[in-house]
Amino acid sequence: MGARGMTHLRRGYTVCGLGSVLAVRSAHRAVDGFDSIVSLDSAVISFPAATVMRSSSPRLLRRSLLAPMVTLAVPALHSLGSKLFCPLASTKTSCQCACARAAGGHGAEQAVAAEAEQTAAGEAPRFRWDAFGSDLSESQKRVIRGLSPKLPNRCKALMTRVVCLSPRDENLGALLAFWVKAMKPKRADWLLVLKELKAMESPLLTEVLEYALLEDSFEANVRDYTKLIHIYGKQKLLQKAEDAFHAMKGRGFPCDQVMLTALMDMYSKAGDLTRAKEVFQEIILLGLPLDKRAYGSMIMAYIRADMLDRAEVLLKEMEDQQIFAGKEVYKALLRAYSYKGDSDGAQRIFDAIQFAGIVPDTKLCALLVNAYCLSSQIDEAVCVIRNMRIAGVRPCDKCVALVLDAYEKADKLESALAFLTELEENGVTIGQEPSQLLAGWFKRLGVVHEVERVLKDLTQDMTSNHRVAVSLE
């Protein structure tokens, strides 16, 4: 013990600890028979108050303290030595983490320095920063190599460690907290990290975004919460999306039309018509504008609920305001009418598609043909195919197969052959699907050989560009 410690003893104070741990307490404040505590790292011992009371003989006091301190000297020196040689022990770990530090660059050095400073200050870190990324799998190494080269070092330092974690890992929060403390990121850094997580389709995207929303450095706004709700909506996690919505309102952020539309779209895709209608009415009551996205989400909710008439009413309401839905909304409504065999409804939507300035493609025309075929209006279906050829849209195999199937159900072979002849004359080649359907029909009629002979004669007269590939095997 040094001269300074002996000076404290002569003044009637108890020296607690050894080396860097030194606490001084008055020997006059004895409580419950014990006063001072000597703490040497993990070793703790208490001295009776009578032993450390002010004495006229410093030598006696010195003798009373010497025995317990000698007992504790060995573990104290061992602990002190382990601290002194900690950098040497961590050298091996640092070598193992060379890949992670190389990717993190100066950002990783900052994190390690911050951890050393935290340890020196007596705050034991909850984890070792270098422990993350020390044992990478091949897939994780590929992900790290695929990071954007423009990513700042502070972001790389985090990304090279996030890839080591699995969803709902308890270490993620501690890792992000340490990164924030060491790197002091700005909003731009958070956005770059989230962008990389989205690009690699990481399941940790939502967890990192949830943490970032509560960080002052992220500077969260309404649109950030909208993105989180949109992600939850895709995953059909309605409760989490609602919790995020209430958390946003609890923080005083205004609820705008974009946010409400995202909620309505989520309920629509989940098949919850009641809540979708509630959000739609809330938008109207708040006086917020209704755009094609809001209308489209509500129309899709009605379609999923098989309320096609209500969906069509909203569609006409949009047209009156010169607002036109997207092609997918029209296609969904046309498909619903087509599968029900409602040719009138399908024709109305098909006309609305053209009124909206959308050029019908082969798939839209096939849905209209299917509606007429299911309602046994074969002549109208053939008329649709003729109009397709006039408009320069090549009839697909599906359209031809639908008409042939309708002719077979109506037992109109001659009409079917006339239809095929008309297609051939206009340069339309019959594909595999209608060919197989026609071959099966001929087999059921028992005229396979006659048809084979006729088709063989036809193929000899046809050019190489207009061949009929019919397989009767």
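Pairs Lys184/Lys234; Lys141/Lys240; Lys150/Lys327; Lys156/Lys198: which exceed 26 Å Cα-Cα?
Working: Lys184/Lys234 32 Å; Lys141/Lys240 32 Å; Lys150/Lys327 37 Å; Lys156/Lys198 15 Å.
Listed pairs above 26 Å: Lys184/Lys234; Lys141/Lys240; Lys150/Lys327.
Can you list the HN-Hα couplings for segment 222-228, worked out from phi with the Karplus curve (6.51, -1.76, 1.60; θ = phi - 60°), rounded to whole Hz and with x for Gly and Pro?
In residue order, the calculated couplings are 4, 5, 5, 5, 4, 4, 5 Hz.
Dividing the alpha-carbon radius of gyration of segment 198-278 by 2.2 N^0.38 Å (N being the number of residues), what value is obtained?
Numbers: Rg = 12.6 Å, N = 81, 2.2 N^0.38 = 11.7 Å.
So segment 198-278 has a normalised radius of gyration of 1.08.
If the limit is 19 Å between Cα atoms, which of Lys227/Lys249; Lys269/Lys331; Lys195/Lys236 go over it?
Result: Lys195/Lys236 exceed 19 Å.
Using only the alpha-carbon atoms of segment 348-414, report the extent along each of the three principal axes, biggest first, to the nearest angstrom.
39, 22, 15
Would you kindly derive the ³J(HN,Hα) couplings of segment 183-194 from the backbone phi angles with the Karplus curve 6.51 cos²θ - 1.76 cosθ + 1.60 (θ = phi - 60°), listing them in order in whole Hz, with x for Gly and Pro?
My calculation for segment 183-194 gives 9, 6, x, 9, 4, 4, 5, 4, 5, 5, 5, 5 Hz in order.
Averaged across orientations, what area in nm² does the convex hull of the alpha carbons in segment 135-228 project? Can you show the working numbers first?
Working: hull surface 23.4 nm².
Value for segment 135-228: 5.9 nm².
What does the convex hull of the alpha-carbon atoms of segment 279-406 project to on average, in nm²?
The orientation-averaged projected area of the Cα hull of segment 279-406 comes to 7.7 nm².
Work from the charge dipole of segment 232-309 (Cβ charges, +1 for Lys and Arg, -1 for Asp and Glu, about the Cα centre) and give the residue of Gly252, Ile303, Leu273 farthest towards its positive end.
It is Gly252.
Could you pull the accessible area for Lys292 with a 1.4 Å probe, rounded to 10 Å²?
110
Distance from the Cα centre of segment 338-397 to that of segment 227-247, in angstrom?
If we compute the Cα centre of each part, the gap is 39 Å.
Once the Cα atoms of segment 240-320 are picked out, what are the Rg and Dmax in Å?
Rg and Dmax of segment 240-320, Cα atoms, are 12.9, 40 Å.
With all protein chains present, calculate the accessible area of Val143 using a 1.4 Å probe and round the result to the nearest 10 Å².
50
In whole Hz, with x marking every Gly and Pro, tabulate ³J(HN,Hα) for segment 276-289 from phi via Karplus 6.51 cos²θ - 1.76 cosθ + 1.60, θ = phi - 60°.
So the Karplus estimates, Gly and Pro as x, are 4, 5, 4, 5, 4, 5, 5, 4, 5, 5, 6, x, 7, x Hz.
The values are calculated or read from the model by the stated rules, or taken from the named source; none is laboratory data. This is a predicted model, so every value here is computed, not measured. Every residue, glycine as well, gets a Cβ built from its backbone with ideal geometry; the counts of neighbours run over all protein chains shown. Ligands, DNA and RNA are stripped out before the accessible areas are found, and what is left, the full protein with its side chains, is counted by its heavy atoms. Shrake-Rupley method; radii C 1.70, N 1.55, O 1.52, S 1.80 Å.
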